[in-house]
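Have a look at the structure below before the remarks.
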Amino acid sequence: MQNTRKVGHAAHTGILRIETALGLHHAVSAKKNLFLMTGSFAVSILLFLSFSAGIDFVHALLPSLRIWQPDVSIMSGDATNHLDRGLVEEIANMPGVAQVFGNMCDTDFPVSCERDIDELVLASYDEYMLECAKEDIVAGSLTGVAGDNGKVLTIYNKDNPIKAGDKLLLGGEEFEVAGALSDGLFGNDVVVICSEETFVRLTGDRGYCMVNVQLTDTANTMEIHALRSLAGEDLFTDQRESNRASNATYWLFQVAVYCFLAIIAMISVLNIINSISMSVSARIRQYGAMRAVGMDGRQLTKMIAAEVFTYTVCGCVVGCVLGIAMNKLLVEVLITSHFGIEWSVPLAEMAVIVLIALAASAVAVYLPSRRIRHMAVTETISEL
């Protein structure tokens, strides 16, 4: 006689239909199977959310992905502000130029504040750069920085002690740090950014230390050569190749990560389908007996669906909780500590992986239920 596990009580139906209650009972009664199936879903979600933080980290590392990243730059040879301001207007009227902006800079500007620093890099942003900075703000705001209103910005990095809200004494005047940016043209030092009007008033300099140019997609060799001739060979820096290399690196990294995640997801899907199929096969004679006493194929499908989606819900809940915690930890360690970008719940990534889990569950329900419906009742109970 076949050995069967002793059943201590019948499935509790409550307000549920009998087939749904039986499916839930099958899922929760086999603790080991519930643990393994839940783990299969949870691991996939955990890996997906963890690797998404890695993509964000690589994006933050590559300045070429910023909207203000120049294609070519004209740098003053001695790091002083002696490039003529008229150069910006002249370049703006040249063919092949999409955007041009200049920056003034003083690398040893004295400062007095409550932080342990006595000098910093003072740099200017024009209207275009301040507009671009809206995408990089990680603390405070840009309100009041444009014009000459006693407000400045700083660029976040782990070695920069200046925070949003600090008061700085620059050139004998008090300025408030209105906000902090995650990145900028002068991101590796203790940097304070002000408007051009404020910079001119504090330093007396009116020229630029660098002029940056963004080219159109149709810019040709002749137009770039004209820019080079205008700037002079010693002052001209072409960054297009390094930008393309950085962009290619980022996209290759994305492809590699998503291919890896796709493989993990595929393995998980196959494992889920196989596990459900084995679970159904183990109960095939029970299902045959249920069909013999009047349960139809639609009810059998609902019973299997209730079992499968119990595993899915448990796995998604556990996976999202663990995945969010891991994603938050990685973002804070890799990104927030270096760039100041705060963590936010990865809703899009969660939606994608949960949809994949639901799709796998639907397939896992369809295949075994179709097999059972096409089997004769006598075939499913022949060994009872």
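The values are calculated or read from the model by the stated rules, or taken from the named source; none is laboratory data. Everything numeric here is computed off the predicted structure, so don't read it as measured data. Every residue, glycine as well, gets a Cβ built from its backbone with ideal geometry; the counts of neighbours run over all protein chains shown.
The condition of being touching a residue at least 60 places away in the same chain (Cβ under 8 Å) and either within 20 Å of S275 (Cβ to Cβ) or assigned to a loop (DSSP other than H, G, I, E, B) (or both) holds for only one of I356, I335, I324, that being I356.
Within the range 132-179, the residues that satisfy the criterion of being surrounded by 14 or more Cβ atoms within 10 Å (Cβ to Cβ), of a type in the set (A, V, I, L, M) and in a strand (DSSP E or B) are I137, V138, A139, V152, L153, I155, L168, L170, V177, A178.
Kindly evaluate V177 against the criterion of being of a type outside the set (S, T, N, Q), in contact with a Pro (Cβ under 8 Å, 6 or more places away or on another chain) and over 21 Å from F236 (Cα atoms). Spelling it out, it is not the case that V177 is of a type outside the set (S, T, N, Q), in contact with a Pro (Cβ under 8 Å, 6 or more places away or on another chain) and over 21 Å from F236 (Cα atoms). Evaluate the range 223-246: report whether one residue or more is within 30 Å of I74 (Cβ to Cβ), loosely packed, with under 12 Cβ neighbours inside 10 Å, β-branched (V, I, T) and not assigned by TED's automatic domain parsing to the domain that holds H59. Within the range 223-246 (the criterion being within 30 Å of I74 (Cβ to Cβ), loosely packed, with under 12 Cβ neighbours inside 10 Å, β-branched (V, I, T) and not assigned by TED's automatic domain parsing to the domain that holds H59), the answer is no, since none of the residues qualifies. Just need a number here: residues in the range 264-322 that are among the small types (G, A, S) and modelled with pLDDT of 80 or more. Residues flagged as among the small types (G, A, S) and modelled with pLDDT of 80 or more within the range 264-322 amount to 4.
Scanning the range 189-200 for residues that are outside any strand (DSSP E or B) and either closer than 24 Å to R115 by Cα or β-branched (V, I, T) (or both) yields D189, V190, T198, F199, V200.
The listed residues are F260, F186, and the only one of them that is in contact (Cβ under 8 Å) with a residue 40 or more places away in the chain, surrounded by fewer than 16 Cβ atoms within 10 Å (Cβ to Cβ) and outside any strand (DSSP E or B) turns out to be F260.
If you go through the range 211-235, how many residues are in contact with a Gly (Cβ under 7 Å, 6 or more places away or on another chain) and within 30 Å of D148 (Cβ to Cβ)? Adding up the residues that qualify gives 2.
Could you tell me whether the range 36-45 includes any residue that is closer than 15 Å to N212 by Cα and over 14 Å from the mean Cα position of the chain (by Cα)? No, the range 36-45 has no match at all. Every test in (1) assigned to a helix (DSSP H, G or I); (2) touching a strand residue (DSSP E or B) at 6+ places or on another chain (Cβ under 6 Å) is passed by N212 save one, and that test is (1). For the range 136-157, check the following and say yes or no: at least one residue is at pLDDT below 90, assigned by TED's automatic domain parsing to the domain that holds T107 and among the basic types (K, R). No, because not a single residue in the range 136-157 is at pLDDT below 90, assigned by TED's automatic domain parsing to the domain that holds T107 and among the basic types (K, R).
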